[in-house]
Amino acid sequence: MSDWNTYHLVLTLSRAGTLGAAARELGVNETTISRRLSAAESDQGATLFRREGRTLVPTEAGRMLLQAAQAMETALLKQTTDRNTQTGHVRISTVPFVLDYLIAPQLPDFCERFPGITLECAAATGTASLAQRETDIGLRLARPTDGKLIIRKAMDIGLRLAVSGRHRSSRPIADFITYDSALDTLPEIAAIRSHFKGEPRLRLGTLSAVLQAVKAGAGAAMLPDWLISGDPDLIEIDPPVRASRELWIAVHEDLIDRPVIRTVLTWLSEILGRPRS
């Protein structure tokens, strides 16, 4: 009998229709999807999809797996229909600013909707291992590669160059703020160096510290769009200077069928997918 990963793959391919669309849905590349399909077909001893042009159409063997997958999905959804009765403990690990600015403000909503679920949210500059079960769900600014993970892109984070409007003088901004020199390869650091010459006046360990330094008038920095738009004390300078980062959400494949894990994953997808001014 196939495991849930095979059923999930068949469901995704059937609904997406193409390898490329399925790859985008699962946050992987087409080569990975093609390899997983080949492995599933080898495991089943049958071809699961035939190609009509670029479209994938389930074969008889594929349709049988698809029906089983749909039944399993329906059963899982039924288990999570009344989520306010769920109980459990879920650990999330992410970088500090995601916790501070994206998750923490939404926690009253979580507590009201899911009173039986306890969240443990760790703000870590490192990466607690998903493969070794140091955390249940990881939110990462780099696509995780350790272990057998189910990974999806949660959002794109746009960054712009900003200063404090309250402390800005008529003189050109000369000082800029970045992170530790080990992070100089980040796209936002390359972007800010296109505006400023020389070295940063300040290097700080977290985005929260960078934000507070900017607001205090210490210089300019690359900040997320929603922080600039939502704070009247921040103003953008040099609009062409922009960068983008991807935020990925990952969970070990052995945990995906746990109802409380699926509930938290769904909630995270909801709050991270909301438009921000």
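Would you kindly identify the strands (runs of 3 or more DSSP E) lying entirely within the stretch 182-277 that contain at least 2 residues that are over 17 Å from residue 161 (Cβ atoms) and of a type outside the set (A, V, I, L, M, F, W, C)?
Passing ranges, in order: 242-252.
Quick one: residue 215 ticks every box in (1) touching a strand residue (DSSP E or B) at 6+ places or on another chain (Cβ under 6 Å); (2) within 30 Å of residue 134 (Cβ to Cβ); (3) basic (Lys, Arg) bar one, so which box is it?
Only one criterion is unmet by residue 215, namely (2).
Among the residues of the stretch 45-55, count how many are open to solvent by less than 70 Å² (accessible area, probe 1.4 Å) and in contact (Cβ under 8 Å) with a residue 24 or more places away in the chain.
3
Out of all the residues in the stretch 103-131, which are at pLDDT below 90, buried (at least 16 other Cβ atoms within 10 Å of the Cβ) and in contact with a Gly (Cβ under 6 Å, 6 or more places away or on another chain)?
Answer for the stretch 103-131, where residues must be at pLDDT below 90, buried (at least 16 other Cβ atoms within 10 Å of the Cβ) and in contact with a Gly (Cβ under 6 Å, 6 or more places away or on another chain): just 130.
Check the stretch 183-200 and report whether any residue there is among the basic types (Lys, Arg) and exposed (fewer than 14 other Cβ atoms within 10 Å of the Cβ).
yes
Return the residue satisfying two criteria in turn: it lies in the stretch 239-274 and is more than 24 Å from residue 107 (Cα to Cα) and at pLDDT below 90, and of such residues it is farthest from the chain's Cα centre (by Cα).
Once the filter is applied, the top-ranked residue is 254.
Among (1) surrounded by 13 or more Cβ atoms within 10 Å (Cβ to Cβ); (2) modelled with pLDDT of 90 or more; (3) among the hydrophobic types (A, V, I, L, M, F, W, C), there is one condition residue 9 misses while meeting the rest; what is its number?
Every listed condition holds for residue 9 apart from (2).
Would you mention how many residues in the stretch 12-44 are open to solvent by 40 Å² or more (accessible area, probe 1.4 Å), closer than 17 Å to residue 253 by Cβ and touching a residue at least 12 places away in the same chain (Cβ under 8 Å)?
So the count comes out to 3.
How do the pairs read when you match residues in the stretch 184-195 that are at pLDDT 95 or above with residues anywhere that are assigned to a helix (DSSP H, G or I) and open to solvent by 30 Å² or more (accessible area, probe 1.4 Å), using Cβ under 9 Å and keeping only pairs 6 or more apart or on different chains?
Going by the 9 Å Cβ cut-off, there are no qualifying pairs.
Of the residues 209, 250, only one is free of Cβ contacts under 8 Å to residues at least 40 places away in the same chain, closer than 22 Å to residue 140 by Cβ and of a type in the set (Gly, Ala, Ser); which?
Within the list 209, 250, the selection yields 209.
If you scan the stretch 230-258, which residues turn out to be farther than 24 Å from residue 215 by Cβ and in contact with a Gly (Cβ under 8 Å, 6 or more places away or on another chain)?
248, 249, 250, 251, 252, 258
Which condition number does residue 156 fail, the rest of (1) surrounded by 13 or more Cβ atoms within 10 Å (Cβ to Cβ); (2) in contact (Cβ under 8 Å) with a residue 40 or more places away in the chain; (3) touching a strand residue (DSSP E or B) at 6+ places or on another chain (Cβ under 7 Å); (4) of a type outside the set (A, V, I, L, M) being met?
All conditions pass for residue 156, except number (1).
The values are calculated or read from the model by the stated rules, or taken from the named source; none is laboratory data. Here the structure is a predicted model, which means the values were calculated and not measured. Cβ sites come from the backbone with ideal geometry, for glycine too, and all protein chains shown count toward neighbours. Ligands, DNA and RNA are excluded from the accessible area calculation, which covers all protein heavy atoms including side chains. Shrake-Rupley method; radii C 1.70, N 1.55, O 1.52, S 1.80 Å.
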